[in-house]
1. For segment 80-92, which positions are buried (at least 17 other Cβ atoms within 10 Å of the Cβ) and not hydrophobic (A, V, I, L, M, F, W, C)?
2. Pairs only if they're at least six apart or on different chains, beta carbon under 6 angstrom, first in segment 5-22 and at pLDDT 80 or above and open to solvent by less than 50 Å² (accessible area, probe 1.4 Å), second among the small types (Gly, Ala, Ser) and assigned to a helix (DSSP H, G or I); list them, first residue then second.
3. Name, by its number, the condition in (1) of a type in the set (A, V, I, L, M); (2) surrounded by 12 or more Cβ atoms within 10 Å (Cβ to Cβ); (3) out of contact with any Pro (no Cβ under 8 Å at 6 or more places or on another chain); (4) under 25 Å from Ala189 (Cα atoms) that does not hold for Ala77.
4. Please give the number of the condition Val101 fails out of (1) modelled with pLDDT under 95; (2) open to solvent by 80 Å² or more (accessible area, probe 1.4 Å).
5. Looking for whichever is small (Gly, Ala, Ser), out of contact with any strand residue (DSSP E or B) (no Cβ under 6 Å at 6 or more places or on another chain) and either open to solvent by 100 Å² or more (accessible area, probe 1.4 Å) or farther than 24 Å from Pro89 by Cβ (or both) here; the options are Gly131, Gly143, Gly122. Which one fits?
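The values are calculated or read from the model by the stated rules, or taken from the named source; none is laboratory data. This one's a predicted model, so the numbers in the text were calculated from it and none came from an experiment. Heads up, the Cβs are rebuilt from the backbone with ideal geometry, glycines too, and the neighbour counts pull from every protein chain shown. Side chains included, ligands, DNA and RNA excluded: accessible areas come from the protein's heavy atoms. Shrake-Rupley method; radii C 1.70, N 1.55, O 1.52, S 1.80 Å.
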Amino acid sequence: GLLNSAIPVLIVAIVACMNRRAPRSFEAAGLALSVAGVLLIAVHGDLRALARLDFGRGDLIVLAGQVVWAFYSVRLAAREASRPTLSLPAFCCAAGVMGLVLTLPVLGVDVALHGLPRPSPGTVVGILYLGALPTLAAMLLYGYGLARVGPVQGGIFTHLVPVFAALFAVLLIGERLFPFHAAGFALIAGGAILCCMTPAPMLSSARESPHA
């Protein structure tokens, strides 16, 4: 959750560099509020825990992935705004095929070393769920959303990931909610609302009208 909070910040930085567009006051305030909410949840309400955080090589790899996702979000919004000839479902299909081709060599090595996998029925259901909802449906909805509100506003909702994680943890594995969860949720929701309080319909526009 803590590393996930870097995505909206990275999106704002990339948009600023590529489109020469500084974040508006509402966006900056909303971003700051949402980051504060994510941090509050990540450290369980004890901000002193930030001083004890230790980042390893794996954390840096994940952070590099966040940079790639932020850049993808900016470019995807620009692509959808340009009315491309390739539809969003076709684009996602092409990206999926490319990903499959790139992973086939690794799969081949794994099968050669360990043999064919024998997944349980529960594993098969999990794979189908991951493919249908968090991958296909989420990617399509994300693309449609970015085309309508832009990457800055769209990216701020990434901060809802730790919120949903906490709620599902309560519903599915019996964890408890604490006051710091409620405070974090309120900060994240307030930040998202502030970030969306701007008259510009397309925040990723490279050349916004001076009268907008």
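1. Hit for segment 80-92 is Glu80, nothing else.
2. Matching pairs, first to second residue: Ile7/Ala70; Ile7/Gly155; Pro8/Gly155; Leu10/Ala70; Ile11/Ala70; Ile11/Ser73; Ile11/Gly155; Ile14/Ala70.
3. Of everything listed in (1) of a type in the set (A, V, I, L, M); (2) surrounded by 12 or more Cβ atoms within 10 Å (Cβ to Cβ); (3) out of contact with any Pro (no Cβ under 8 Å at 6 or more places or on another chain); (4) under 25 Å from Ala189 (Cα atoms), Ala77 misses just condition (3).
4. Every condition holds for Val101 apart from (1).
5. Exactly one residue qualifies, and that residue is Gly122.
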